[in-house]
Protein chains: 2
Amino acid sequence: MTRGRTLSDLGEPGLIDRISRMARRLDQSGVVLGIGDDAAILRPRKSEDWVTSTDATVEDVHFRWSEQSAFNVGRRALVANLSDLAAMGARPRGFTLALAAPPELELARFDGLLRGLLREAALHGCPLVGGNLARARQTSLVINVLGCVPRGRALRRDGLRVGDHLFVTGVLGAAALARARVESRGGLIRQLPVPRLAAGQALLGLKGRGACIDLSDGLLTDLGHLLASSGLGAALDTERLPLPRGFRRNCHELSLKPLSLALGGGEDYELLFSLRAGTAARIPSEELSRRLGVRVTPIGRVTGGMGITGVPEAKSFLHY
Amino acid sequence: MTRGRTLSDLGEPGLIDRISRMARRLDQSGVVLGIGDDAAILRPRKSEDWVTSTDATVEDVHFRWSEQSAFNVGRRALVANLSDLAAMGARPRGFTLALAAPPELELARFDGLLRGLLREAALHGCPLVGGNLARARQTSLVINVLGCVPRGRALRRDGLRVGDHLFVTGVLGAAALARARVESRGGLIRQLPVPRLAAGQALLGLKGRGACIDLSDGLLTDLGHLLASSGLGAALDTERLPLPRGFRRNCHELSLKPLSLALGGGEDYELLFSLRAGTAARIPSEELSRRLGVRVTPIGRVTGGMGITGVPEAKSFLHY
């Protein structure tokens with residue numbers, strides 16, 4: 001057999017695009033929102049939509065045993081999925097787990113993974129309702145999470161308008177800093193993100209709310225996804241980005257640029273969302289924070305042109 | 001770190017039991033049926049339950065590239081999931097795919113997998129609604145499927161009664177024979193199982209129906225699961241097991257025992273179900289076959305004692 005192109009020839013966006021195109025050939029009736037958003041929405045008969053999302057956590061790809069406890073690997077795996085529900089404004093209802101592992105995996109690690117998953121699940125009322133175990137050379141956790149939202153009301157990536165104000169919950173860069181510190185100085189990553197479920201559900205009820213996405217890949221990348229859904233651009237005010245306490249000092253100690261981590265670091269799992277200009281003008285940030293139950297910071301606006309402005313030397317920047 | 005016990009020390013049943021026990025510590029309200037059946041059931045607000053199930057297909061574990069086309073690997077992966085819905089009497093509504101693969105995977109194989117999945121999906125009205133791509137050393141497909149059933153009516157593994165009659169759809173051993181032939185003579189496995197969705201849904205509406213399970217691991221193993229759910233036994237009539245056309249001759253050509261394949265061979269994805277004695281007496285097999293849209297064969301009865309009788313030398317038998 002002649003050697004054809006490989007997955008790496010296309011890259012993930014190309015592959016996802018291929019999947020999307022092939023999937024769209026099927027009848028999509030009954031599917032409110034399919035491939036391409038944070039989660040898919042299926043419509044049951046009455047008054048609510050169900051939201052489902054899948055995420056994988058693979059050994060030596062998403063985590064290393066030397067850098068995190070099994071417990072935290074488990075928690076983090078479910079956080080990534082719950083965050084997708086949060087970005088839809090959904091309430092979690094349950095999850096399934098497909099766990100693959102080598103027969104040589106230590107039982108203590110297996111137990112740790114499970115305990116971490118179930119701790120996070122208990123915190124957010126999301127019971128484990130089924131699953132699958134398989135043998136594999138790498139350990140991996142594939143989670144499918146189910147949630148519900150009032151019918152037709154789910155937060156989505158699309159629907160931005162020029163002039164919309166952009167906001168983020170919480171602070172940015174904490175996960176990247178924790179990772180960098182462990183890579184530089186050893187030890188275990190103890191930092192854990194929080195899925196913003198309550199904030200997402202509160203946002204869902206807010207008149208004048210626009211689009212929403214969770215920050216899994218980093219602000220610039222995920223903002224890029226958000227903007228792409230509406231074919232618009234954004235002007236960021238990077239002076240206003242919310243940073244963790246002592247962030248600049250900690251970054252400088254590790255010879256890292258704080259802005260680089262805040263803009264490019266992934267796995268913060270905060271929400272990035274938009275409000276119509278009128279709504280943003282009417283509700284002060286403090287009031288918005290109170291309603292969403294978490295600190296909310298305005299970070300810029302949606303513009304008509306393509307691309308993101310206000311970021312110094314954006315291109316070289318991310319590869320610092 | 002001292003080396004602790006490994007997953008292989010417990011085996012899959014032990015691990016599943018551990019997961020079940022840990023999961024049961026969480027609040028299960030809203031979950032009609034959790035870990036331990038073919039699928040989990042979540043209860044939406046009105047008139048229907050949603051059914052969800054997850055299954056993994058791992059390279060060199062569940063399939064080999066040298067033995068099956070990528071297209072058939074994809075089809076078979078979804079069949080395994082749809083079969084779980086069939087065993088609940090559910091109607092498919094959509095599935096998500098978590099695909100992990102090495103960067104070196106040929107694009108033609110990637111495409112083949114997707115085409116196979118989507119062909120099977122189209123046949124059964126089950127659109128791909130989301131997913132995830134990850135890098136890994138082995139190719140694997142983890143599928144989560146969603147379906148619905150009229151509220152409270154799902155077929156389950158439990159609920160057998162002494163005297164119930166046992167039935168299977170279709171024929172047994174076809175998948176095992178196809179695999180054995182390829183292992184012995186080379187070539188590709190072309191045989192493909194059919195998920196018995198229509199039969200499951202028809203069974204759901206039948207008064208006097210009991211328990212149901214799909215045959216993924218082989219009749220004896222899966223019957224064992226079914227019986228374990230009710231703490232009962234069974235008397236099998238192995239003379240009546242439905243076999244594929246020319247099965248005995250084909251088995252003898254490969255020096256295989258037909259009964260061994262029919263009882264122990266997995267991946268037939270037929271349904272094994274029970275009817276109350278009165279119902280079974282009232283409805284002849286031909287009529288039952290007509291109602292379920294597939295050949296249905298009575299193969300034995302549920303008994304009070306533990307274990308399965310009627311199988312010659314059952315223990316040595318499976319290791320032929």
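The values are calculated or read from the model by the stated rules, or taken from the named source; none is laboratory data. It should be emphasised that the depicted structure is a prediction, and the values quoted were computed from it without experimental measurement. Here Cβ is always computed from backbone atoms with ideal geometry, including for glycine, and neighbour counts include all displayed protein chains. Heavy atoms of the whole protein, side chains included, go into the accessibility calculation; ligands, DNA and RNA do not. Shrake-Rupley method; radii C 1.70, N 1.55, O 1.52, S 1.80 Å.
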Could you work out, residue by residue across A:86-94, how many beta carbons of other chains sit within 10 Å of that residue's beta carbon, and then give the average as an integer? 2
Can you give the FRET efficiency to the nearest 0.05 for A:R5 and B:T221, using r as the Cβ-Cβ distance and R₀ = 30 Å? 0.15
Using a Förster distance of 41 angstrom, determine the FRET efficiency expected from the C-beta separation of A:R115 and B:M306, and round it to 0.05. 0.75
Residues with amide H under 5 Å of B:G147's amide H, sequence separation 5 or more or different chain, H placed in the peptide plane at 1.01 Å from N; which? B:V51, B:T52, B:R93
When a/c reaches 1.5 or more, the comparison of a/b and b/c decides; with that in mind, is the stretch A:31-150 rounded, prolate or oblate per its Cα gyration tensor? prolate
Indicate the residues belonging to the stretch B:96-131 that lose 30 Å² or more of solvent-accessible heavy-atom surface (probe 1.4 Å) upon moving from the chain alone to the assembly of all protein chains, ignoring ligands and nucleic acids. B:T96, B:A98, B:P103, B:E106, B:L107, B:F110, B:D111, B:L114, B:L118, B:P127, B:L128, B:V129
Estimate for me the total accessible surface buried between chains A and B (protein heavy atoms, probe 1.4 Å, no ligands or nucleic acids), in Å² to the nearest 100. 6300 Å²
Explain nothing, just the number: dipole magnitude of the stretch B:165-317 about its Cα centre with +1 on each Lys and Arg Cβ and -1 on each Asp and Glu Cβ, in debye rounded to the nearest 20. 380 debye
With θ set to phi - 60° and the Karplus curve 6.51 cos²θ - 1.76 cosθ + 1.60, what are the ³J(HN,Hα) couplings of the stretch A:156-173 in order, to the nearest whole Hz, using x for Gly and Pro? 9, 6, 8, x, 5, 10, 4, x, 3, 8, 9, 9, 10, 8, x, 10, 10, x
Grab the other residues whose beta carbon is less than 14 angstrom from that of B:G187, score K and R as +1, D and E as -1, and report the net. +3
For A:K257 and A:L123, what does the FRET efficiency come to when R0 = 35 Å and r is the distance between their Cβ atoms, rounded to the nearest 0.05? 0.55
Calculated label separations, B:P312, copies of the chain, 7 Å along the beta-carbon direction, nm: 8.5
Positive end of the charge dipole of the stretch A:236-320 (Lys, Arg +1 and Asp, Glu -1 on Cβ, about the Cα centre): tell me which of A:L271, A:L261, A:T297 has its Cα farthest that way. A:T297
If you put a point 7 Å past Cα along the Cβ direction, how far is that point for A:T221 from the same point in each other copy, in nm, smallest first? 3.9
Amide H of B:I308 versus every other amide H placed in the peptide plane: which residues, excluding those fewer than 5 positions away on the same chain, fall under 5 Å? B:A234
Inter-site label distance for B:R151 and A:R282 at 7 Å from Cα along Cβ, in nm: 3.6 nm
Pop out the ³J(HN,Hα) list for the stretch B:141-151 in order, Karplus 6.51 cos²θ - 1.76 cosθ + 1.60 with θ = phi - 60°, rounded to Hz; leave Gly and Pro as x. 10, 10, 10, 10, 10, 10, x, 9, 9, x, 3
Using the Kirkwood radius over C-alpha pairs as Rh, can you work out the diffusion coefficient of the stretch A:165-317 via Stokes-Einstein at 37 °C, viscosity 0.692 mPa s, in µm² per second? 206 µm²/s
Which distances, in nm and shortest first, link the B:R185 label point to the same label point in every other copy, taking 7 Å along Cα→Cβ? 6.8
Whole-Hz ³J(HN,Hα) from phi, Karplus 6.51 cos²θ - 1.76 cosθ + 1.60, for the stretch B:210-226, glycine and proline x: x, 9, 8, 8, 9, 8, 9, 9, x, 3, 5, 5, 6, 4, x, 4, 4
What are the principal axis extents of the Cα atoms in the stretch A:246-300, in Å, biggest first? 41, 18, 18
Rounded to whole Å and sorted largest first, list the principal axis extents of the Cα atoms in the stretch B:119-159. 42, 25, 15
